[in-house]
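Contents: one structure, followed by commentary.
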Amino acid sequence: MYTREEASQLRQAFWTAFGQYIAPQPSAEGLKINWSNYKTGLKDVYFRMRAEKKQASIAIELTHPDPEIQALFFEQFEELKNVLHGYMGEEWDWLLHTTDEYGRVISSIQKELPGVNVFNKEDWPALISFFKPRIIALDEFWSDAKYTFEALK
């Protein structure tokens, strides 16, 4: 078992390693990008990567505090579901109005990788192999799809 500080340091080490590994990859628009802290440019829409003790996940999270507005964003993503899955090359899980780890109501479009542990350095290659192609594909999707959301800004 790790102390809180050791766990924090291991997580930070993983995300630093991931950031260094993916840093040479330009965005779909050819720009330098902070992949670990991806900015969608749209308030309350986030691309989140999580690496935990028993699994990893990558998600599009919709966090608008008004559930009806959040549902509008979710519906807009649903309109692009086939496009998103085309970019990703796989189906993702769609969750309207679930709760996050802080008890807030969010909506999420996500893919999980079970059976990996960020605290086990031997799992880091599997984690990186999971995150890298998906965040790059999300960026490619978003470079085309973000304009669809202009009316919801």
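The values are calculated or read from the model by the stated rules, or taken from the named source; none is laboratory data. Here the structure is a predicted model, which is why all the values come from computation and not from measurement. Quick reminder, even Gly has a Cβ in these numbers, built from the backbone with ideal geometry, and neighbours come from all protein chains shown.
Yes/no matrix, rows are residues, columns are (1) of a type in the set (Phe, Trp, Tyr); (2) closer than 17 Å to Ala145 by Cα; (3) in contact with a His (Cβ under 6 Å, 6 or more places away or on another chain):
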position	(1), (2), (3)
Pro65	no, no, no
Gln76	no, yes, no
Asn82	no, yes, no
His85	no, yes, no
Ile109	no, yes, no
Phe119	yes, no, no
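Could you go through segment 52-59 and let me know if any residue there is in contact (Cβ under 8 Å) with a residue 60 or more places away in the chain, touching a strand residue (DSSP E or B) at 6+ places or on another chain (Cβ under 6 Å) and closer than 18 Å to Ser143 by Cβ.
As a first pass, look at segment 52-59 and keep what is in contact (Cβ under 8 Å) with a residue 60 or more places away in the chain: 52-56, 58.
Okay, now just the ones that are also touching a strand residue (DSSP E or B) at 6+ places or on another chain (Cβ under 6 Å), so 55-56, 58.
Of the ones still in play, those that are also closer than 18 Å to Ser143 by Cβ are 58.
Within segment 52-59, one or more residues are in contact (Cβ under 8 Å) with a residue 60 or more places away in the chain, touching a strand residue (DSSP E or B) at 6+ places or on another chain (Cβ under 6 Å) and closer than 18 Å to Ser143 by Cβ.
Here is a yes/no grid of residues against (1) without any contact (Cβ under 8 Å) to a residue 60 or more places away in the chain; (2) loosely packed, with under 13 Cβ neighbours inside 10 Å; (3) at negative phi; (4) touching a Pro at 6+ places or on another chain (Cβ under 9 Å):
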site: Tyr87; (1), (2), (3), (4): yes, no, yes, no
site: Trp94; (1), (2), (3), (4): yes, no, yes, no
site: Gln110; (1), (2), (3), (4): yes, no, yes, no
site: Glu122; (1), (2), (3), (4): yes, yes, yes, no
site: Leu127; (1), (2), (3), (4): no, no, yes, no
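Report yes if some residue within segment 39-62 is more than 15 Å from the chain's Cα centre (by Cα) and surrounded by 17 or more Cβ atoms within 10 Å (Cβ to Cβ); otherwise report no.
No: zero hits.
Kindly indicate the residue of segment 89-103 that is assigned to a loop (DSSP other than H, G, I, E, B) and at pLDDT below 95 and also nearest to the chain's Cα centre (by Cα) among those meeting that condition.
Within segment 89-103, the match that is nearest to the chain's Cα centre (by Cα) is Asp100.
Do we have any residue at all in segment 46-62 that's over 22 Å from Ala126 (Cβ atoms), in a loop (DSSP other than H, G, I, E, B) and in contact with a helix residue (DSSP H, G or I) (Cβ under 8 Å, 6 or more places away or on another chain)?
no
Is it fair to say Ala71 is hydrophobic (A, V, I, L, M, F, W, C), in a helix (DSSP H, G or I) and under 29 Å from Gln25 (Cα atoms)?
Working: hydrophobic (A, V, I, L, M, F, W, C): yes; in a helix (DSSP H, G or I): yes; under 29 Å from Gln25 (Cα atoms): no.
No; evaluated as a whole, the condition is false for this residue.
Please name all residue pairs, on different chains or six or more residues apart, with Cβ atoms under 9 Å, provided the first residue is in segment 134-152 and is within 15 Å of Lys43 (Cα to Cα) and free of Cβ contacts under 8 Å to residues at least 40 places away in the same chain and the second residue is assigned to a helix (DSSP H, G or I) and polar (S, T, N, Q).
Once the first residue is within 15 Å of Lys43 (Cα to Cα) and free of Cβ contacts under 8 Å to residues at least 40 places away in the same chain and sits in segment 134-152, its partners that are assigned to a helix (DSSP H, G or I) and polar (S, T, N, Q) give Ala151/Gln76.
Within the group Asp144, Asp139, which residue is acidic (Asp, Glu) and at pLDDT 95 or above? Show your work before the answer.
Details: Asp144 fails: at pLDDT 95 or above.
None of the other options fit; the residue is Asp139.
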